[in-house]
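Student: Got a structure for you, questions after.
The values are calculated or read from the model by the stated rules, or taken from the named source; none is laboratory data. It should be emphasised that the depicted structure is a prediction, and the values quoted were computed from it without experimental measurement. Cβ atoms come from the backbone with ideal geometry, glycine included; neighbour counts cover every protein chain shown. For the accessible areas, the whole protein counts, side chains as well, though only heavy atoms, and no ligand, DNA or RNA atoms are used. Shrake-Rupley method; radii C 1.70, N 1.55, O 1.52, S 1.80 Å.
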Amino acid sequence: MAGGGGQDQLFSPLADEAPLADCDAIYLPGGYPELHGAVLAAADNFRAALQDAARRQVPVYGECGGYMVLGTHLIDADGIRHAMTGLLPLETSFLHRKLHLGYRQVEIRQSCQLGQMGTRLRGHEFHYASTVRADGDGWLSAQTADGRDLGACGLLNGSVFGSFFHLIC
């Protein structure tokens, strides 16, 4: 989804659709990119539009599946490595699935469009992806619902940021 001028516009990465060129922000929600790796890797219009938005410092936020699409590569369950948008130094894999599930409380460690440093947010995590590579400091610090520290998570690069965390408003 892309927002601009007070209106939201839906677009489909799977249909190689791009967000509006004059949008104010782009939100890539969760989904199942591992089922569509080849299609997403071939979505040249979508990728170019996101890369252009990032160059123009438009906020681009990816949540779970959207976060994986913002990365450099995604490895599907068959072990095939697909190029993604390359906006975050992240590679994820479904080759060796591992369940990550639970309610989370996070604290923002680097200010962004979701809040200033120190802001606390609540949400959940539900995915089977493993992180193969994530270069950089996480912009969030996470805890489980019972207070167990999960450490830093998510990546932020200029106006592009994301994590596996699903925000609950």
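Student: Can you name the condition, by its number, that A77 falls short on among (1) surrounded by fewer than 15 Cβ atoms within 10 Å (Cβ to Cβ); (2) within 17 Å of the chain's Cα centre (by Cα); (3) touching a residue at least 24 places away in the same chain (Cβ under 8 Å); (4) under 30 Å from A145 (Cα atoms)?
Tutor: For A77, the exception is condition (2).
Student: If you don't mind, there's one more thing I want to ask. Examine the stretch 77-92 for a residue that is of a type outside the set (A, V, I, L, M, F, W, C) and closer than 17 Å to L140 by Cα, and state whether such a residue exists.
Tutor: The initial filter retains those residues of the stretch 77-92 that are of a type outside the set (A, V, I, L, M, F, W, C), namely 78-79, 81-82, 85-86, 89, 91-92.
Those still in the list that are closer than 17 Å to L140 by Cα too: 89.
Yes: one or more hits.
Student: List, please: which pairs have Cβ atoms under 6 Å, are six or more places apart or on different chains, and start with a residue in the stretch 141-169 that is under 12 Å from E107 (Cβ atoms) and free of Cβ contacts under 8 Å to residues at least 60 places away in the same chain and end with one that is surrounded by 16 or more Cβ atoms within 10 Å (Cβ to Cβ) and of a type in the set (K, R)?
Tutor: Close Cβ pairs satisfying both conditions: S141/R109; A142/R104.
Student: Please specify each residue of the stretch 117-150 satisfying the condition of being over 18 Å from the mean Cα position of the chain (by Cα) and either small (G, A, S) or within 13 Å of Y67 (Cβ to Cβ) (or both).
Tutor: Within the stretch 117-150, G118, A145, G147 meet the criteria.
Student: From the set of residues in the stretch 17-28 that are part of a loop (DSSP other than H, G, I, E, B) and open to solvent by 70 Å² or more (accessible area, probe 1.4 Å), which is farthest from G65 (Cα to Cα)? Break it down into steps so the answer makes sense when it comes.
Tutor: Going residue by residue through the stretch 17-28, those that are part of a loop (DSSP other than H, G, I, E, B) are 17-24.
Remaining after also requiring open to solvent by 70 Å² or more (accessible area, probe 1.4 Å): 17, 20-22, 24.
Values: E17: 17, L20: 21, A21: 23, D22: 24, D24: 21 Å.
If we take residues in the stretch 17-28 being part of a loop (DSSP other than H, G, I, E, B) and open to solvent by 70 Å² or more (accessible area, probe 1.4 Å), then D22 is farthest from G65 (Cα to Cα).
Student: Something else about it: Select from the stretch 102-111 the residues that are open to solvent by 20 Å² or more (accessible area, probe 1.4 Å) and either at pLDDT below 95 or under 19 Å from Y27 (Cα atoms) (or both) and list them in ascending order.
Tutor: Q110, S111
Student: Could you look through the stretch 47-74, keep only residues that are touching an Asp or Glu at 6+ places or on another chain (Cβ under 8 Å) and part of a strand (DSSP E or B), and pick out the one that is most open to solvent (accessible area, probe 1.4 Å)?
Tutor: H73
Student: Against the definition (surrounded by fewer than 19 Cβ atoms within 10 Å (Cβ to Cβ) and assigned to a loop (DSSP other than H, G, I, E, B)), how does L95 come out, yes or no? Steps first, please.
Tutor: Numbers: surrounded by fewer than 19 Cβ atoms within 10 Å (Cβ to Cβ): yes; assigned to a loop (DSSP other than H, G, I, E, B): yes.
Answer is yes for this residue.
Student: Could you grab me the full set of residues in the stretch 29-43 that are aliphatic (A, V, I, L, M) and open to solvent by 10 Å² or more (accessible area, probe 1.4 Å)? Walk me through how you get there before you give the answer.
Tutor: Looking only at the stretch 29-43, we keep the residues that are aliphatic (A, V, I, L, M), and these are 35, 38-43.
Residues satisfying the conditions are L35, A38, V39, L40, A41, A42.
Student: Which one is most open to solvent (accessible area, probe 1.4 Å), of the residues in the stretch 114-169 that are part of a loop (DSSP other than H, G, I, E, B) and among the aliphatic types (A, V, I, L, M)? Talk me through it step by step, then tell me what you get.
Tutor: Step one: filter the stretch 114-169 for residues part of a loop (DSSP other than H, G, I, E, B), giving 114, 116-119, 128-129, 135-139, 145-148, 154, 158-159, 164-165, 168-169.
Checking the rest, the ones that are also among the aliphatic types (A, V, I, L, M) come to 114, 117, 129, 145, 168.
Numbers: L114: 56, M117: 138, A129: 1, A145: 87, I168: 88 Å².
Across the stretch 114-169, the extreme among qualifying residues is M117.
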